Amino acid sequence: MMMYMDGRSQTITGRPLSLQECVQTAWSNNLDVKQSDFNMERAGVTLRQSKANLLPNVGADIDHQLNQGRSIDLNTNDYVTQNYTSGSYQVSANVTLFNGLRLMNTLKSNQYAYEASKMEWQTSKDQLMLNVILAYLQILTSTDLLQQSQKTAEVAQKQVERLELMNQEGAIKPSDLTDLKGLLADNKVSIITNQNALDGARLSLAQLMNEAFNKDLQVERLRADQVELNYASTPDSIFTIALQQLAIIKAADLRTKSAEKAVRAARGNLLPTIGLGAGFYTPYSSTARDASQNKIDYYDQLSNYYRTYEGISISIPIFNNLRFRNQITLAKIDLKSAEFTAKTKQIQLKQNIEQDYFNMTAAKNKYQALVEQVAAYAESFRAAEVRFNNGAATSVDYLIAKNNYDRANVNLIIARYDYVLRTKILDYYQAKPLW
């Protein structure tokens, strides 16, 4: 059963949403997922009707008439000119014994189509889930970048305050102070930029969840054990598993099987149809008389004048303006289209896995290199800050060291979440839990 988290409850409690809650809320509210769900329900109704088509047709007819003027007396079959009432009651049933297996193949075709619609519903959920993960990670990325810019601005603010005091005493060059003020202004611009990016990421996630925008929306942080740098699977092993697990591949295969049965069902129209029928019929007339000209009672007529019938019918198609032949041709075209679609999706899947694996490897290498770079620039900045505070270095040296360190931290934040996103996509291909 899906968990539903209303956006208003998060605003009231202020509790950060987990990735699972975001995905499940999106599944509950998203229009595309709902439409896929409705399509699945329609396919289910079509399947039930296909099963019902195998059952006999049973019907009943009741007819009552008030006859005036010249008409045929149902009792004597003579023309009479008088007013009288008549009626008839009939129950009939018929069942198809053979029609070239058209009903059975249609049933199987609709069975596969129903299963395919379930897989397509799951595919729409999967695609939405990936989009939610992307927006979720973008919030985390923007949050970290905002925090980094705020920390950077705090360091710059302290330096400006220190240099202002020293400048009042004439202990530094005025240009050192103005350089640091320019750096502080850049840091404040970065804060505004990152805040806007964070609000945009929150808006994107809210739209995916079909919830009202909440500028205070918070999401849970990723745990340290969720960033694994040693991804064990290979592209070939991922592809092998994906062929068996991914709903989009299963849906394409099921559509192919459905099209195959549709071709067989269309061919069944060229064969004879054999049916079995039976029925019960009884008439009534207010003019009915017995041999003594006494009026025959209503219920006596129903019990004495009834008849039953049973029969077998055979319908042989000889020529029907090539309608059935063209239906077979169209069904074959649909089959070719389904086969091509299934094959293309497998090729695209393999290409996507190879590309995503390459991106994951590149993101990992970049992340590892940036970890070393941040460590190196951190030491360089620490030394530059000490020298600058002691008057042994210029503001230019300090700014260069600080900018290098800040830029490396920003790049590391982006690289970390980029790597996490790549691994999530590869996990999705293998139907692994994503939270």
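The values are calculated or read from the model by the stated rules, or taken from the named source; none is laboratory data. Values in this document were obtained by computation on a predicted structure and should not be read as measured data. A quick note on method: Cβ atoms are made from the backbone with ideal geometry, for glycine too, and the neighbour counts reach across all protein chains shown. Heavy atoms of the whole protein, side chains included, go into the accessibility calculation; ligands, DNA and RNA do not. Shrake-Rupley method; radii C 1.70, N 1.55, O 1.52, S 1.80 Å.
I need to check one value: relative contact order of region 54-127, counting alpha carbon pairs closer than 8 Å and at least 6 residues apart, in percent.
Details: 70 pairs, mean separation 23.2, N = 74.
Computed over region 54-127, the figure is 31 percent.
For a protection proxy built on the mean count of beta-carbon atoms within 10 angstrom, sort 53-65, 390-402 highest first, please.
Values: 53-65: 11.3, 390-402: 16.0.
Peptide ranking by packing, descending: 390-402, 53-65.
Report the charge-dipole magnitude of region 137-207 in Debye, nearest 20, computed about the Cα centre from +1 at each Lys and Arg Cβ and -1 at each Asp and Glu Cβ.
Numbers: 7 positive and 9 negative charges, 26 e Å.
In debye, rounded to 20, region 137-207 gives about 120.
Strictly over 29 Å apart at the Cα level, which of Lys366/Lys432; Lys257/Lys432; Lys118/Lys343; Lys51/Lys343; Lys51/Lys432 would you flag in this model?
Working: Lys366/Lys432 25 Å; Lys257/Lys432 27 Å; Lys118/Lys343 20 Å; Lys51/Lys343 31 Å; Lys51/Lys432 36 Å.
Listed pairs above 29 Å: Lys51/Lys343; Lys51/Lys432.
Let me know the charge dipole size of region 329-398 about its Cα centre in debye, to the nearest 20, where only the beta-carbon of Lys, Arg (+1) and Asp, Glu (-1) is charged.
Numbers: 9 positive and 8 negative charges, 91 e Å.
The calculated dipole for region 329-398 is roughly 440 debye.
Per the Debye formula with a single identical scatterer at each Cα and no solvent contribution, what log10 I(q)/I(0) holds for region 243-366 at q = 0.16, 0.17, 0.18 Å⁻¹?
After summing over all Cα pairs, the log10 values are -0.92, -0.96, -1.00.
Say the dipole of the chain comes from +1 at the beta carbon of Lys and Arg and -1 at that of Asp and Glu; which of Met40, Leu146, Gln90 then lies farthest toward its positive end?
In the chain, that residue is Gln90.
Please give the charge dipole size of the chain, origin at the Cα centre, charges +1 on K and R Cβ atoms and -1 on D and E Cβ atoms. Round to the nearest 20 debye.
Roughly 1100 debye for the chain.
With springs only between Cα atoms under 10 Å apart, run a GNM on the chain and tell me which of Ile347, Ile248, Ile172 wobbles the most.
Ranking Ile347, Ile248, Ile172 by mean-square fluctuation puts Ile172 first.
Taking Cα pairs under 8 Å and at least six residues apart, what relative contact order does region 288-435 come out at, in percent? Walk me through the numbers before you get to the answer.
Working: 60 pairs, mean separation 34.9, N = 148.
The normalised contact order for region 288-435 reaches 24 percent.
Explain nothing, just compute: Karplus ³J(HN,Hα) = 6.51 cos²θ - 1.76 cosθ + 1.60, θ = phi - 60°, for every residue of region 280-286 in order, whole Hz, x for Gly and Pro.
After applying 6.51 cos²θ - 1.76 cosθ + 1.60, I find 9, 9, 8, x, 8, 8, 6 Hz.
Could you list the GluC sites (Glu not before Pro) in region 105-203 that lie in coil according to DSSP, counting only those with at most 11 other Cβ atoms within 10 Å of their Cβ? Working shown, then result.
Details: sites: Glu115, Glu120, Glu154, Glu161, Glu164, Glu169; in loops: Glu169.
Loop-located and lightly packed - Glu169.
Within 10 Å, count the other beta carbons around each residue, average over each peptide in 198-204, 105-111, and list them highest first.
On the way: 198-204: 18.1, 105-111: 21.0.
Highest mean packing first, the order is 105-111, 198-204.
Among Tyr305, Ser285, Phe358, whose Cα lies farthest out toward the positive end of the dipole of region 281-360, if unit charges sit on the beta carbon of Lys, Arg (+1) and Asp, Glu (-1)?
Phe358
Which whole-number percentage describes the relative contact order of the chain, with Cα contacts under 8 Å and a sequence gap of 6 or more? Working shown, then result.
Numbers: 577 pairs, mean separation 95.4, N = 435.
RCO, the chain: 22 percent.
For region 207-300, what is the Kirkwood estimate of the hydrodynamic radius, computed as the reciprocal of the mean inverse distance between distinct Cα atoms, to one decimal in Å? Don't jump to the answer; show the numbers that get you there.
Working: mean 1/r = 0.0425 Å⁻¹.
So the Kirkwood estimate lands at 23.5 Å.
Note down the accessible area of Arg289, probe 1.4 Å, to the nearest 10 Å².
Rounded to the nearest 10, that gives 90 Å².
Multiply the residue gap between Arg323 and Glu164 by 0.36 nm, knock off their C-alpha separation, and tell me the result in nm, one decimal place. Intermediate values should be presented prior to the final figure.
Details: separation 159, 0.36 × 159 = 57.24 nm, distance 9.22 nm.
So the chain would gain 48.0 nm between Arg323 and Glu164.
Principal axis lengths of the chain from Cα atoms, whole Å, largest first?
Result, largest extent first: 142, 47, 37 Å.
Give the carbon-plus-sulfur fraction of the accessible surface of region 305-435 in %, rounded to a whole number; probe 1.4 Å, heavy atoms of protein chains only.
On the way: 4410 of 8040 Å².
Whole-percent figure for carbon plus sulfur exposure: 55.
Compute the accessible area per residue over the chain, keeping the other protein chains in place, probe 1.4 Å, unit Å². Provide the component values of the computation, followed by the final result.
Numbers: 24990 Å² over 435 residues.
So the chain comes to 57 Å² accessible per residue, rounded to a whole number.
Counting helices only, and only those DSSP H runs with n ≥ 4, report the 222 nm mean residue ellipticity of the chain as the sum of -39,500 (n - 2.57) divided by its residues, in deg cm²/dmol to the nearest 500.
Values: 10 runs with 283 residues, N = 435.
When only DSSP H runs of four or more count, the value is -23500 deg cm²/dmol.
Determine the share of region 160-260's accessible area contributed by carbon and sulfur atoms, expressed in whole percent, with a 1.4 angstrom probe.
Details: 3030 of 5760 Å².
So the carbon and sulfur contribution to the accessible surface is 53 percent.
Under 15 Å from the Cα of Lys336, which aspartates and glutamates turn up, not counting those fewer than eight places away in the same chain?
Cross-link targets: Asp253, Glu260.
Hey, if you put +1 on the Cβ of every Lys and Arg and -1 on every Asp and Glu Cβ in the chain, which of Leu103, Gly59, Ser204 ends up farthest toward the positive end of that dipole?
Projecting each Cα onto the dipole axis, the largest value belongs to Leu103.
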